[in-house]
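See below for the structure under consideration.
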Amino acid sequence: MINQKTALPLLFLLWGLLGFAQDNDGEYITFNDRKNVVHGVYLGLSTYFGEIEGEDTYIGGLKVAYVANRQFEVGFMANILYSEQDIFNPRTVNNDDIVAVYGGLHLEPILFGKSRVSLSFPLLIGGGGMGYVDHDAVRRDENVDLDDDDIDAIFVLEPGMNVLFNVSRYVQLEAGVRYRMTSKIDLAQSPIERLNGFSGGIGVKLGVFNMGRNRYRKQLD
């Protein structure tokens, strides 16, 4: 049981603390009493340049992703690829280029996500279709028709590495490289077996990267 000699100092201490709180009216303390996951979601656009069999290749990408705690992304990505192969096709007697459309699951672990500049390792797992188109028709901006003999389904695995620039809570820029690996092309008289190759480029992400900030603010009084 607390005796009077002990209770008296405790009362003075309590009284002093109450007085201190009243004297600091308008001051706040920032604290974090639990570990919340900071959520994010964005729409991303990217453009990449590379080569297939030594010929110029252009890729445009679109992705939608969820970001968990600025440490990991998961979403969907779709790409359109055009490669200026200018290969003679004896079946059509045309010089052909390659067009491919592919997409799938997008995964991206992120290092130093809370820093102004961070590092990530994106991975695309999916598939799509590729085909040969008339080089001259594309140059003249004419409509290009593909038949079954010009199209083949492909599986795609595309790992990469990005440097991310956190411009603001709503905008993020990326620059990086990636390597595309595909299944074998099963088209008659196709001079190219796979659409493998490196590419490098830039992109922009627009969204909210830290919804539900993991911080709390409470008035001291």
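Ligands, DNA and RNA excluded, the heavy atoms of residue 76 present near 120 Å² of accessible surface to a 1.4 Å solvent probe. With charges set only on the Cβ (+1 for Lys and Arg, -1 for Asp and Glu), what does the dipole of segment 61-188 come to about its Cα centre, in debye to the nearest 20? Using only the charged Cβ atoms, the result is roughly 1320 debye. Extending 7 Å from Cα along the Cβ direction at residue 56 and again at residue 39 yields two label points whose distance is 4.4 nm.
So for 135, 39, 106, what's the accessible-area order with a 1.4 Å probe, most first?
So, going from the largest accessible area down, we get 39, 135, 106.
Other residues within the sphere of radius under 14 Å centred on the Cβ of residue 157, judged by their own Cβ, net out at +3 (K and R +1, D and E -1).
Charge tally for residue 177 (other residues, Cβ to Cβ under 15 Å; Lys, Arg +1; Asp, Glu -1): -2. Per-residue surface analysis assigns residue 177 an accessible area of about 80 Å², computed on protein heavy atoms at 1.4 Å probe radius. Largest accessible area first, the residues 87, 151, 192 order themselves as 151, 87, 192 under a 1.4 Å probe with ligands, DNA and RNA left out. A simple spin-label model places the labels of residue 86 and residue 66 4.8 nm from each other, with each point 7 Å out along Cα-to-Cβ. Summing charges over all other residues whose Cβ lies under 15 Å from the Cβ of residue 193, with Lys and Arg as +1 and Asp and Glu as -1, gives -1.
The values are calculated or read from the model by the stated rules, or taken from the named source; none is laboratory data. What you are looking at is a predicted structure, and each value in this text was computed from that prediction instead of being measured. No Cβ is skipped: glycine too gets one built from the backbone with ideal geometry, and neighbour counts run over all protein chains shown. In case anyone asks, the SASA skips ligands and DNA or RNA and just uses the protein heavy atoms, side chains included. Shrake-Rupley method; radii C 1.70, N 1.55, O 1.52, S 1.80 Å.
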